[in-house]
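Q: Would you mind keeping the following structure in view while I ask a few things?
The values are calculated or read from the model by the stated rules, or taken from the named source; none is laboratory data. Nothing here was measured: the structure is a model prediction, and the numbers come from that model. Cβ sites come from the backbone with ideal geometry, for glycine too, and all protein chains shown count toward neighbours.
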């Protein structure tokens, strides 16, 4: 029986159970092992104020290295590109909805404004990438750090601790959350660019564990890998993590051509550079986009 390591949030458990079901379909039995990470323990700081990288992944990776689990499940967007050489990403899930959604309390809706936000609205997000992009969409807002799992953040919105939230659509859809009483502005990922790998789960194991690697390979989504490899190569070339205001989203059309949208915020102000680029091949694509953002 394989041991799946996961964080304990509702969304993380959904992701781990989703993997468990996939493996059961290929006759592999699993058990979940819940692990608390640094990012779970530090709830009073925004991501840009927590030192280091991998604060949602390190403790789970340590459990892999120590042979306390056999597979780690991560949100790909949380996983640093410079990983421990003893570990490998053995497979990826299908991609959920990659978009970010702006969710507004009904009492703070103003339909005369572009984003339906009332003037001076307090927007809850701890993502510097989202903060930079929201600053371009609307100047008359107040951005506030907010932490907690997805249902907790929505509860804070309902209690008007903030007037609106920015959340990943994939998490909301996977948890089947009812947003019926709230106003939802659904950004297009080419317009409001998501984090590299957003909406994708990564399945990590020990590099030397060939048996587990072969099992995970059976459920690996290669089409997702082709696009997220470009996204994460850009992240790696820019030496970025959760503190970097970087958005990258890549797709591949039926002819096999790649289309990427990328933004990189300035560390000094709320401006950013943007690059939209298409190519018939992935070769050199990440390097070209980085040259345009640097």
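Q: Under the condition of being in contact with a strand residue (DSSP E or B) (Cβ under 7 Å, 6 or more places away or on another chain) and part of a loop (DSSP other than H, G, I, E, B), which residue from the stretch 186-195 is surrounded by the most Cβ atoms within 10 Å (Cβ to Cβ)?
A: Per the stated criteria, the residue is 193.
Q: For the stretch 128-145, what are the residues that are closer than 21 Å to residue 75 by Cα, buried (at least 20 other Cβ atoms within 10 Å of the Cβ) and in contact with a helix residue (DSSP H, G or I) (Cβ under 9 Å, 6 or more places away or on another chain)?
A: Within the stretch 128-145, 128, 131 meet the criteria.
Q: Please determine, by comparing only the residues of the stretch 35-51 that are touching a helix residue (DSSP H, G or I) at 6+ places or on another chain (Cβ under 8 Å) and assigned to a loop (DSSP other than H, G, I, E, B), which one is modelled with the lowest pLDDT.
A: Result: 50.
Q: Condition first: in the same structural domain as residue 133 (by TED's automatic domain parsing), in a loop (DSSP other than H, G, I, E, B) and farther than 17 Å from residue 12 by Cβ. Can you find one or more residues in the stretch 73-81 that meet it?
A: No, that holds for no residue.
Q: On to the next question. Is it the case that some residue within the stretch 252-261 is touching a residue at least 40 places away in the same chain (Cβ under 8 Å), closer than 27 Å to residue 135 by Cβ and surrounded by 21 or more Cβ atoms within 10 Å (Cβ to Cβ)?
A: Among the residues of the stretch 252-261, at least one is touching a residue at least 40 places away in the same chain (Cβ under 8 Å), closer than 27 Å to residue 135 by Cβ and surrounded by 21 or more Cβ atoms within 10 Å (Cβ to Cβ), which makes the answer yes.
Q: Within the stretch 215-232, restricting attention to residues that are free of Cβ contacts under 8 Å to residues at least 60 places away in the same chain and closer than 10 Å to residue 286 by Cβ, which residue is surrounded by the most Cβ atoms within 10 Å (Cβ to Cβ)?
A: Of everything passing the filter in the stretch 215-232, 231 is surrounded by the most Cβ atoms within 10 Å (Cβ to Cβ).
Q: Out of everything in the stretch 1-34 that is part of a loop (DSSP other than H, G, I, E, B) and under 17 Å from the mean Cα position of the chain (by Cα), what residue ends up being farthest from residue 214 (Cα to Cα)?
A: Step by step, filter the stretch 1-34, then rank; the result is 9.
Q: Moving to a separate point now. Looking at the stretch 1-17 only, could you name the residues that are farther than 16 Å from residue 61 by Cβ and out of contact with any helix residue (DSSP H, G or I) (no Cβ under 8 Å at 6 or more places or on another chain)?
A: 1, 13, 17 - these are the residues of the stretch 1-17 that are farther than 16 Å from residue 61 by Cβ and out of contact with any helix residue (DSSP H, G or I) (no Cβ under 8 Å at 6 or more places or on another chain).
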